[in-house]
């Protein structure tokens, strides 16, 4: 990430903070992620080489820019969902200023209605929208997340009381392995497990243990 883009992000961060101090109506507030959360998203996209990225909740594209800049290095694209047309206009302008509009598709509409229309699969999904709808979004995005993909949700510490249902669903899902990370407002990061890899790893460990104890080699049943 170059200095010019970091300077733009700092400008947007300060704009969001000043705006949210003045505005009392939620639709007019930016409600941006923290700077550290942005860096975390950038690192995860780069580290996992994510190319198909979905963001639920664009605001003015502060978080989108972090995702999109990382996606440039993976030759990826970001699909982001937003309902508010005024914020969409802000997001488009900010993405253009960042030179990242070419790798981002903004889909206007209610996320609960647009999510079912997206083909998937996605490598990474970031939830940062209306918190009461997180369980609804969860039901829609988990099937579209590829095995080995990452699901990240914002505000899980700052608004933990509102997200108990979501957190229970994520932590109890047999195909997700999750951890709460105390960065920014709190990020719940979940890995979607690949059943085939899990079975293979389990069998390999079982065979290794049997060989060390002199037991017979494990062979899975024929199908």
>> Taking the Kirkwood radius as the inverse of the mean 1/r across Cα pairs, report the Rg/Rh of the chain.
In response: 1.06
> Where does the chain land at 222 nm, in deg cm²/dmol rounded to the nearest 500, when only DSSP H runs of n ≥ 4 count, each adding -39500 (n - 2.57), divided by all residues?
Replying inline: -14000 deg cm²/dmol
> For a label point 7 angstrom out from the Cα of residue 168 toward its Cβ, which stretches of segment 126-150 have the backbone nitrogen within less than 15 Å?
Replying inline: 134-136
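Rule-based calculations on the coordinates, nothing more; no lab input. None of the values given here were measured: they were computed from a predicted structure. Counting neighbours? That spans all protein chains shown, and the Cβs are built from the backbone with ideal geometry, glycine included.
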